[in-house]
Structure formats: structure tokens, C-alpha cells
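The values are calculated or read from the model by the stated rules, or taken from the named source; none is laboratory data. Note that this is a predicted model, so its numbers are computed, not measured. Heads up, the Cβs are rebuilt from the backbone with ideal geometry, glycines too, and the neighbour counts pull from every protein chain shown.
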Amino acid sequence: MIDNKSIIETIQMIEKERLDIRTITMGISLLDCADSDGAKSRQKIYDKIVRKAENLVKIGEQIETEFGIPIIHKRISVTPISLVAQSSSDTSYVEYAKILDKAAKTVGVNFIGGFSALVHKGCTPGDRILINSIPEALAVTDLVCSSVNVGNSKVGINMNAVRDMGEIIKQAAYLTRERESIGCAKLVVFGNAVEDNPFMAGAFHGVGEADCVINVGVSGPGVIKSALENVKGESFDVVAETIKKTAFKITRAGQLVATEASKRLGVPFGIVDLSLAPTPAVGDSVARILEEMGLEICGCHGTTAALAMLNDAVKKGGIMASSHVGGLSGAFIPVSEDEGMIKAVEAGALNIEKLEAMTCVCSVGLDMIAIPGDTPASTISGIIADEVAIGVINNKTTAVRLIPVYGKGLGDRAVFGGLLGEAPIMKVSEFSSEAFIDRGGRIPSPVHSFKN
Amino acid sequence: MKAFITVIGEDRVGIIQGVITVLAKNKVNVMDINQTLLQNYFTMIMLVDLSQLEIDFKQLNDEIKEEAEKLGVTIRLQRQDIFKAMHEL
């Protein structure tokens, strides 16, 4: 029999330290739903999603009850819609977003990702239609998430897409101006996007994937923090070991849930994503882990090193615990979704420049950052370019999810509610990137991509 | 299928009996019981076998939760697999 201490430890992790399975995400290929008639294509999309995901929520809840571990989200990711929709002669893909929203509501999931385009080297006409449809699509739907990949380590950065995305983010902010520009919280701009990410808003089902898979994202910042409370004052050797062991346990729970969900749904298991995903709840913060290591407040000097070690140790512990690791797998540092990050910004300890440095050593990027509503599109594009460059040069995924909150400026707050949390408006550079962004074209492939 | 039942709460007369009654009624066999008092808190861990169970897991869980409320303690029913996964290689 397992010893009592271990049983009580698991229960404490779940009850007090907020250990949870953050998401079971079903990836569904829609490549077989293309049709020259847009309406027919959308019917095929709806039918396939509802057929495949019919039992996703029910089975998720069963597993939750039987193992006694909360599964916060049940979600769906689909093939990037630009690839499916461009067979049609439609000139807007907003109707595709609506059908995704409807299908998601029918099966009861809380988000559906994949209103996406992969344009790291160039845009097809369909990609362009999709990108132009994003602002309205996010304004008229509730559950649809969108992402655009604008660069990768193999081909460099599509600076035309970077430029366009600055404008698209501004439009999305304007169209949802009555709701704190929340449309932008459902839109991610990627460098090196991964095809099996279960986390929103950036999840989509890549073209190299099977017809249908189950990916699981684990979480548990509170569990790591609590484990570190027991090694106060010890060296980093001890801290790293403690994180590894804890990450191992968390990931094993994720692997178990993934295997079980895959078996019951009759859908192959894809990956476990070993991410530390914070929520705005107290005790579920990545910033507080860094502070537990000895930083007065997240954002002070030493924060990047602390995060680098955390990210690395989580992977080392998690990789052995799962048969297939994938997705983003690292610590997330969203601002509005992390109680400690919010406090650090309010205290003036954490700014966008420091966050950018932190994104060099963790997954994923500048995430859920509210900026002034009057930020020029070219400045947003400049931020995207910087962030994607970090990813392209360092062979990692980076992403930007900025919310230029319409009508708000420094000193204001944006309140998104729920897991999206709330955030003070953060300062961006007041100097212009416009002439740089106006150049367009492509930043060439980095030299380290020439390996053949 | 095996599961752990953990009972945590303030010590009082009849906790074990209350839990066992629900289990017996539903043909749940108790394989092992471990009971301690931790800082005045009654902690009981039972390993049970659910292979003869005639109702579904959720129904049993609901009945146990109902009993927990009557007894004023917290009771959890969780499949053994979660503990094995997290604590055994």
C-alpha cells in the first residue's frame, strides 16, 4: 500500500496548492472539410467537430471525479482555418469563426483554437482573407481563439505579416472596445508556433498531426512554490532538485489523465505539455515561485536567472514522467493571469523590457499585457518583431498577446474577468518604430538554420 | 478497480461506522484501514476494492459526500491510480 504521507501529499497538492490538470484539448483535423462551397465546408466542419468531441466534456468530468483532480478546461484545437477555407470562394472567413463558436457551444467546451494562419514565409490569398477576418471574428464570437505564425527559425520572419498584425490587433481592440478590448486576449502572434499546443489562445491542430488526438496541459505553480517553502535558504542545487521532483509528480498526474482520456474517447494520445500556467487566484502564481527563491519582488535583478532555472528544472522533471512531451512545455509568464506579476507591475518592479528578457528563457512570450489604447500599430509591430526575433534566433517558441485597451492609458486598469484576470496598463516606448516596420519584406533565415 | 478513501476532520464517535455502512451497502470491500490523530484531526485512509460495486463511481462518491456532511468531516474517494502515478515509478 502506498504510504499515508504520499496520499496526504497528493491531497494537499490538489486542495491547498491548486494542483490541477489545466486542459484536455482535443485536436481535430479539418483538412477533409474543405469545399469550393463555403456553406458546405462549414457544415462539414460543424458535423466533424460535434461528432469527434461529443463526449469530450462528459469524459473529462468523469475522470475528474474518479481521480479527484480538477480538470479546469476541456478544449478543442482545429487545423488552421486558412488552410480549410481557402478552397472556397468566400472573401471573408467570419462565418467560419461563427461555425467554430457554434460547434464549441454545442459540445460544451470552453474554447476552440485554430482560427489561424501560418504565414512565416508568405501569405496565400486565403491567409490574407483569414488575417483580415480576425478582428470581426473575435468580436462576434465568444469561444474562438486565433493565432498567426509570422516567423520561424528555418525561414526567418515575414515582416509584412508583422506589420499587418500590428494593425489587426488595433482593429480587434477597437471592435471589442466595450469589453476592455477583450478580442485581443484571444489572439496570439507566434514565432516558431508548435502544432500540438493544448493551451489557449494559441492552440491549433498542425498539418503534421493525426486526424484526432488528445493533448493534455498540466499546471501547478502553487505546488512548486509550496515545495520550495520547505527548502528555504538552501543552495540552488537543492532548489533545482526540488523543482524537478515536484514537476515529475505533477506530470505523472497529467500523463495518467491523458492516457485515460485517450482510452475512453478512443482517440490517440498526443502529448503532455509540461507548463506552469498561472491563474489570477492567490497561490497559483509563477511570480511567487521566483520570489520564493529569494527575490524581493518579481522583476528585480536575478529574475531572469531564477526563471531560467525554474523552466529548465520543470522540463527535466517532467520529461521523464511522460511518454510524449510536447506543446510549449515551460513556465508561462502572463501578466494579467498571474497575481504576483500584477503586483510586481503595480509596484513598478516589472516592466515590458524585463518581461522581454524573461521570455528569452521560458515559454512563451509577452503574454496578456495591457498597453495604452493609443499605442501606434507600428509600435505593436515593433514589439512583435523583437519577440519573434528572440524565438527565431534562439530556436524557441515566442508569442505576443498584447491588449491595447481602447480608451485607456497609463494609470488605468483593464479587467477581463475569469481566468484572463486583470492588469494595469503598462508603458511602452514612446519612440517610433514606424519607418522600420514600413519597410516590409522578410528578415532572412538565420545562419543556424542551414544545417543540410 | 481500487480506490483510496480519505477521511479528515475533527474526531468524534461514529465516523468509521458511518463510512463503513455506506460502503457495505454498496458492496465495497475494505482492504486496508489506517487511522491516526494528527493535531486533533482524525485522519483515516482506507484502501477499498470497487470491483463488486453495483452503482457507478459518481453515485458512490455522492453518497459518501452526503455521509461526510452528516458526520461533519471531509471524505474523498479517489481511484488508486492517481497516487500510484504520482508516487511510484
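Among A:5, A:98, which is in a helix (DSSP H, G or I), charged (D, E, K, R) and over 30 Å from residue A:225 (Cα atoms)?
A:98
Residues in segment A:145-186 that are out of contact with any Lys or Arg (no Cβ under 7 Å at 6 or more places or on another chain) and outside any helix (DSSP H, G or I): how many?
Total satisfying the criteria: 11.
Listed residues A:114, A:156; which is surrounded by fewer than 24 Cβ atoms within 10 Å (Cβ to Cβ), at positive phi, modelled with pLDDT of 95 or more and not basic (Lys, Arg)?
Being surrounded by fewer than 24 Cβ atoms within 10 Å (Cβ to Cβ), at positive phi, modelled with pLDDT of 95 or more and not basic (Lys, Arg) holds for just one of A:114, A:156, which is A:156.
Residue-wise test of (1) away from chain A (no Cβ under 11 Å); (2) of a type in the set (Phe, Trp, Tyr); (3) in contact with a Ser or Thr (Cβ under 7 Å, 6 or more places away or on another chain).
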residue	(1), (2), (3)
B:5	no, no, no
B:15	yes, no, no
B:21	yes, no, no
B:26	yes, no, no
B:36	no, no, yes
B:73	yes, no, no
B:87	no, no, yes
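Is there any pair with a first residue in segment A:250-264 that is more than 9 Å from chain B (Cβ to nearest Cβ) and β-branched (Val, Ile, Thr) and a second that is buried (at least 22 other Cβ atoms within 10 Å of the Cβ) and assigned to a helix (DSSP H, G or I) whose Cβ atoms are under 8 Å apart and which are 6 or more apart or on different chains, and what are they?
Final answer for the pair search is A:251/A:317; A:251/A:318; A:251/A:321.
Please verify whether segment A:386-408 includes one or more residues that are of a type in the set (Ser, Thr, Tyr), under 22 Å from residue A:153 (Cβ atoms), touching a residue at least 60 places away in the same chain (Cβ under 8 Å) and in contact with a Cys (Cβ under 9 Å, 6 or more places away or on another chain). It would help to see each step written out before you state the result.
Initially, segment A:386-408 is screened for residues of a type in the set (Ser, Thr, Tyr), giving A:397-398, A:406.
Cutting the leftovers down to under 22 Å from residue A:153 (Cβ atoms) gives us A:397-398.
From what is left, the residues that are touching a residue at least 60 places away in the same chain (Cβ under 8 Å) are A:397-398.
Still in the list and also in contact with a Cys (Cβ under 9 Å, 6 or more places away or on another chain): A:398.
Yes - at least one qualifying residue is present in segment A:386-408.
In segment A:70-95, how many residues are part of a loop (DSSP other than H, G, I, E, B) and surrounded by 23 or more Cβ atoms within 10 Å (Cβ to Cβ)?
Count: 3.
Got a sec? Which of A:28, A:59 is touching a Lys or Arg at 6+ places or on another chain (Cβ under 8 Å), closer than 30 Å to residue B:86 by Cα, among the aliphatic types (A, V, I, L, M) and within 14 Å of chain B (Cβ to nearest Cβ)?
Result of the check over A:28, A:59: A:59.
Can you tell me how many residues in segment B:38-52 are more than 14 Å from the chain's Cα centre (by Cα), within 9 Å of chain A (Cβ to nearest Cβ) and hydroxyl-bearing (Ser, Thr, Tyr)?
Summing the residues that are more than 14 Å from the chain's Cα centre (by Cα), within 9 Å of chain A (Cβ to nearest Cβ) and hydroxyl-bearing (Ser, Thr, Tyr) in segment B:38-52 gives 0.
Give the residue, chosen from A:76, A:69, A:49, A:99, that is within 14 Å of chain B (Cβ to nearest Cβ), in contact with a helix residue (DSSP H, G or I) (Cβ under 7 Å, 6 or more places away or on another chain) and not charged (D, E, K, R).
A:69
Taking the options B:30, B:48, B:22, name whichever one is assigned to a helix (DSSP H, G or I) and either at pLDDT 95 or above or not acidic (Asp, Glu) (or both).
Values: B:30 fails: assigned to a helix (DSSP H, G or I); B:48 fails: assigned to a helix (DSSP H, G or I).
Just one listed residue meets the conditions, B:22.
Scan segment B:5-21 residue by residue and report those that are of a type in the set (A, V, I, L, M) and touching a strand residue (DSSP E or B) at 6+ places or on another chain (Cβ under 9 Å).
Residues satisfying the conditions are B:5, B:7, B:8, B:15, B:16, B:19, B:20.
Please work out which one of (1) among the aliphatic types (A, V, I, L, M); (2) within 14 Å of chain B (Cβ to nearest Cβ); (3) touching a residue at least 24 places away in the same chain (Cβ under 8 Å) is the condition residue A:2 fails and give its number.
Unmet condition: (3).
Can you name every residue in segment A:394-452 that is closer than 25 Å to residue A:328 by Cα and among the aromatic types (Phe, Trp, Tyr)?
Passing the criteria: A:416, A:450.
Can you find even one residue in segment B:53-68 that is aromatic (Phe, Trp, Tyr), part of a strand (DSSP E or B), within 14 Å of another protein chain (Cβ to nearest Cβ) and crowded, with 16+ Cβ neighbours inside 10 Å?
Among the residues of segment B:53-68, not one is aromatic (Phe, Trp, Tyr), part of a strand (DSSP E or B), within 14 Å of another protein chain (Cβ to nearest Cβ) and crowded, with 16+ Cβ neighbours inside 10 Å, which makes the answer no.
I need every pair where a residue in segment A:16-38 that is of a type in the set (Lys, Arg) has its Cβ under 6 Å from the Cβ of a residue that is crowded, with 24+ Cβ neighbours inside 10 Å, sequence separation at least 6 or different chains.
A:18/A:222; A:18/A:284; A:22/A:217; A:22/A:219; A:22/A:277
Going by what's in this entry, would residue A:276 be described as buried (at least 24 other Cβ atoms within 10 Å of the Cβ) and either of a type in the set (Ser, Thr, Tyr) or more than 14 Å from chain B (Cβ to nearest Cβ) (or both)?
Against the criterion (buried (at least 24 other Cβ atoms within 10 Å of the Cβ) and either of a type in the set (Ser, Thr, Tyr) or more than 14 Å from chain B (Cβ to nearest Cβ) (or both)), residue A:276 qualifies.
Restricting attention to helices (runs of 4 or more DSSP H) lying wholly within segment A:282-350, give those where 1 or more residues are more than 29 Å from residue A:184 (Cβ to Cβ).
Passing ranges, in order: A:286-292, A:303-321.
For segment B:1-38, which positions are surrounded by 16 or more Cβ atoms within 10 Å (Cβ to Cβ) and of a type in the set (Gly, Ala, Ser)?
The answer is B:3, B:9, B:18.
Kindly indicate which of A:369, A:380 is touching a residue at least 40 places away in the same chain (Cβ under 8 Å), part of a helix (DSSP H, G or I) and either touching a strand residue (DSSP E or B) at 6+ places or on another chain (Cβ under 7 Å) or not assigned by TED's automatic domain parsing to the domain that holds residue A:315 (or both). Walk me through how you get there before you give the answer.
Values: A:369 fails: part of a helix (DSSP H, G or I).
Checking each option against the conditions leaves just A:380.
Quick one: residue A:232 ticks every box in (1) within 30 Å of residue A:29 (Cα to Cα); (2) touching an Asp or Glu at 6+ places or on another chain (Cβ under 9 Å) bar one, so which box is it?
Result: residue A:232 fails condition (1) only.
Count, please, the residues in segment A:8-52 that happen to be hydroxyl-bearing (Ser, Thr, Tyr), more than 28 Å from residue A:327 (Cα to Cα) and in a loop (DSSP other than H, G, I, E, B).
Residues flagged as hydroxyl-bearing (Ser, Thr, Tyr), more than 28 Å from residue A:327 (Cα to Cα) and in a loop (DSSP other than H, G, I, E, B) within segment A:8-52 amount to 1.
Among the candidates A:335, A:282, A:325, which residue alone is closer than 23 Å to residue A:14 by Cβ and within 17 Å of the chain's Cα centre (by Cα)?
After applying the criteria, what remains is A:325.
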